[in-house]
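The next block holds one structure in the form of structure tokens; read it before the comments.
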Protein chains: 2
Amino acid sequence: MDVKNFKNADRIAFGRGSFKGLSSIITQKRLLNNNFFLFIVDQYFADKDLFYRIPAEKGDVVKLINVDPHEPTTAQVDNIRDEILGSIGLPSGIVGIGGGSIMDITKAASLMFTNPGSSTRYQGLNLIKHPGIYHVGVPTISGTGAEVSMTAVLTGPEKKLGLKCDSTVFNQVILDPELTASVPPDKWFYTGMDTYIHCIESENGYLNNAYSHAYAEQALQLCRDVFLNQHAGKTPGNDDKLMVASMMGGLSLTYSEVGICHALSYGLSKILHEKHCYANCLVFQHLEDYYPEGVREMKQMLARHQINLPQGLSKQWTEDTITAMAKVAYALSHMWNHAVGPDWKKKITIEKIKELYKRL
Amino acid sequence: MDVKNFKNADRIAFGRGSFKGLSSIITQKRLLNNNFFLFIVDQYFADKDLFYRIPAEKGDVVKLINVDPHEPTTAQVDNIRDEILGSIGLPSGIVGIGGGSIMDITKAASLMFTNPGSSTRYQGLNLIKHPGIYHVGVPTISGTGAEVSMTAVLTGPEKKLGLKCDSTVFNQVILDPELTASVPPDKWFYTGMDTYIHCIESENGYLNNAYSHAYAEQALQLCRDVFLNQHAGKTPGNDDKLMVASMMGGLSLTYSEVGICHALSYGLSKILHEKHCYANCLVFQHLEDYYPEGVREMKQMLARHQINLPQGLSKQWTEDTITAMAKVAYALSHMWNHAVGPDWKKKITIEKIKELYKRL
């Protein structure tokens, strides 16, 4: 047995209004390096109140990023690093304010500021040589678990794969459910479903254990409260719950693993540039033979919130596209190993995965 | 609103057999300070297999401690520090293997190795001046949550109060449920009830929030599986669950607070030297007007496991003893503030607390 021994976020702040603590939290770190902070912020907030509440001081850099066109890329992170290092030098720290993409960009950039060359060199486990700079995650939408996970998932020219090591994990996380108040309904649902799917996949596989199970069980219960039960819907109380669920789902999969949905979803993102949480939903609805109860319940949630996922997508895909996606998915052996078992290669082939994609 | 921002254990290993990872986990730390490790071990294991599995190397010190006579004291921790510093110097790190008392001694000793004077000087919040040495917690009984909490509770000549700061928290926790296999039935129950009471107290008070609630709800569910439901009892599967519940209960109270039972229990321990978990059980059974559902369920658990708690204890106590205990309990204002509210002094008096003690 390999020992499951993982790094926690150093500190987690929780509570409505806790964002106002950010200023004092980072104050003591401002003496590090070149005495300025870099804020990486979802462009969505450019005209929102939150933008004016960012505790940026003279000399700090606030960088707005549009996360809608594509998943975070290695080039995107390298460019941020090169631009800042080349002009002002090494930041005291970096704060990410946004969703999973912003969390991943922030985590990856914190590492790339101290590790030379392209981030493509570090996609994988423990390839990072030097600890990153101080980094803070402030999620503004709940579901991806990126606020607590050990990986910063980037799409590079060759692969979609995380920079995964101890130093990837945030030094500080601020969980302020108030920041998720303005999330649009469709993104609220798709991103929340990422947590739901994390838990179903974490639970249903060979690496599940009492630790990952307890986190998944509670996160699933919270997801049901938010998306299915009597008081379901986007309310302040449910925003609180979904923020906790996201963290717990992330901790569950850290001590277990994701599965078939995430493998296929990565293919959709890598080849067709679908956003991660939406891609998960597109795939998961068709995996009833692998996750029967989870798919049944997710369909109840879809119906409850009148979300209509597109069908028949694969009819527009060429055989080459489907093969390319299947190759991406097949390469994620750790996911298949968990979901199907150590002998997964006897059961899962490129052809089998192509069949799964053709269900979409 | 104060921001609830707490330090996590740096790393948490979980799994049956994970204790065998301890050797490699501490290897890289052996180069620190005077190149030896100090192991603080519950004397209970002196003739057990686990004792021979401790990865002590030449130059390391293994210190057996009998935790039965009393709760950990400031003098006990000071003596360990003085003895080791005076003979071999500053350890590379310290590993605690045992229950809540061993966890507290280990956490406190790690701090006292680098902070001069008696530990009585540091009982309170953020009084520690220098970070402690690298410290590892290996719990061998589940329930206290001391493996993840920010405090090292010590009884001193004047007060029972924790050394509470970021640096108190373990750098590494190893949760190996196999180590709890030989726990005697009575200690299994009383210590497990500490988690149950943590959760009931965390939930029922002014500081409860979605974060502490989610952890408490799941830990309570796990406690019901272990102590009440169809498959209740001391089984390997339930040992796994109780170890996770203990951690989750500890995380719940960190982001909320304990309450009336713990306040009174501290008085019992300080004045009459009752052990913490047992003292909690003695008190909690009589708090049905504060925690009606929790007390009712705890009594079901007592009946299920044929545990008979003594009654009529207070008949043997002098008025002075009861007054002394009530003064200890009254001083724990943070607990009353949570349980009763900011105006608790209007409702809770020394006389009222004495009445509660007289129920025992």
#### Entry: Counted residues, region B:276-299 - those being within 20 Å of the chain's Cα centre (by Cα) and more than 16 Å from B:TYR196 (Cβ to Cβ)
0
#### Entry: Flag if A:HIS286 is at pLDDT 95 or above and either more than 14 Å from chain B (Cβ to nearest Cβ) or surrounded by 18 or more Cβ atoms within 10 Å (Cβ to Cβ) (or both)
yes
### Task
Please tell me if B:GLU217 is away from chain A (no Cβ under 13 Å) and open to solvent by 20 Å² or more (accessible area, probe 1.4 Å).
no
### Message
Take B:PRO157 and tell me if it is under 30 Å from B:THR114 (Cβ atoms), in contact (Cβ under 8 Å) with a residue 24 or more places away in the chain and over 16 Å from the mean Cα position of the chain (by Cα).
### Response
yes
### Query
Could you give every pair whose Cβ atoms fall below 7 Å, whose first residue belongs to region A:320-346 and is without any contact (Cβ under 8 Å) to a residue 12 or more places away in the chain, and whose second residue is open to solvent by less than 30 Å² (accessible area, probe 1.4 Å) and not hydroxyl-bearing (Ser, Thr, Tyr), counting only separations of at least 6 or pairs across chains?
A:TRP344/A:TRP336
### Query
Considering region B:163-197 alone, what residues qualify as being open to solvent by less than 10 Å² (accessible area, probe 1.4 Å) and either more than 14 Å from chain A (Cβ to nearest Cβ) or of a type in the set (D, E, K, R) (or both)?
B:LEU163, B:ASP176, B:PHE189, B:GLY192, B:MET193, B:ASP194, B:TYR196, B:ILE197
### Query
Does B:SER212 satisfy the criteria of being in contact (Cβ under 8 Å) with a residue 40 or more places away in the chain, away from every other protein chain (no Cβ under 12 Å) and over 15 Å from the mean Cα position of the chain (by Cα)?
no
### Message
Considering only region A:244-256, I want to know if a residue exists there that is closer than 23 Å to B:ILE174 by Cβ, surrounded by fewer than 24 Cβ atoms within 10 Å (Cβ to Cβ), more than 10 Å from chain B (Cβ to nearest Cβ) and not hydroxyl-bearing (Ser, Thr, Tyr).
### Response
no
### Query
Does at least one position in region B:39-54 carry a residue that is facing chain A (nearest Cβ under 9 Å) and of a type outside the set (Phe, Trp, Tyr)?
no
### Message
Test of understanding: among A:GLY93, A:GLY89, A:GLY98, which residue is of a type in the set (Gly, Ala, Ser), under 29 Å from A:GLY21 (Cβ atoms), touching a helix residue (DSSP H, G or I) at 6+ places or on another chain (Cβ under 7 Å) and in contact (Cβ under 8 Å) with a residue 24 or more places away in the chain?
### Response
A:GLY93
### Task
Scan region A:209-244 residue by residue and report those that are under 19 Å from B:ALA219 (Cβ atoms) and in a loop (DSSP other than H, G, I, E, B).
A:ASN209
### Summary
Scanning region B:327-360 residue by residue, those in a loop (DSSP other than H, G, I, E, B) and among the acidic types (Asp, Glu) turn out to be B:ASP343
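I'm trying to understand the selection: among the residues of region B:265-291, which are under 28 Å from B:LYS7 (Cβ atoms) and in contact (Cβ under 8 Å) with a residue 24 or more places away in the chain?
Scanning region B:265-291 gives B:TYR266, B:SER269, B:LYS270, B:LYS275, B:HIS276, B:CYS277, B:ASN280.
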### Message
Among the residues that make up region B:13-22, is at least one of them within 12 Å of another protein chain (Cβ to nearest Cβ) and under 30 Å from A:ILE26 (Cα atoms)?
### Response
yes
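Identify all residues within region B:315-326 that are open to solvent by less than 60 Å² (accessible area, probe 1.4 Å) and either of a type in the set (Phe, Trp, Tyr) or not in a helix (DSSP H, G or I) (or both); write none if there are none. Walk me through how you get there before you give the answer.
Just the residues of region B:315-326 that are open to solvent by less than 60 Å² (accessible area, probe 1.4 Å), to begin with: B:317, B:321-326.
Result: B:TRP317, single match.
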#### Entry: Every residue from region B:261-275 that is open to solvent by 30 Å² or more (accessible area, probe 1.4 Å) and within 15 Å of B:MET193 (Cβ to Cβ)
B:GLU274, B:LYS275
### Entirely in region B:1-114, the helices (runs of 4 or more DSSP H) that have 2 or more residues that are more than 30 Å from B:LEU268 (Cα to Cα), open to solvent by 10 Å² or more (accessible area, probe 1.4 Å) and at pLDDT 95 or above
B:22-27, B:49-53, B:74-87
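The values are calculated or read from the model by the stated rules, or taken from the named source; none is laboratory data. On a predicted model such as this, the values are computed, not experimentally measured, just so you know. Here Cβ is always computed from backbone atoms with ideal geometry, including for glycine, and neighbour counts include all displayed protein chains. Quick note on the areas: whole protein, heavy atoms, side chains included, nothing else; ligands and nucleic acids left out. Shrake-Rupley method; radii C 1.70, N 1.55, O 1.52, S 1.80 Å.
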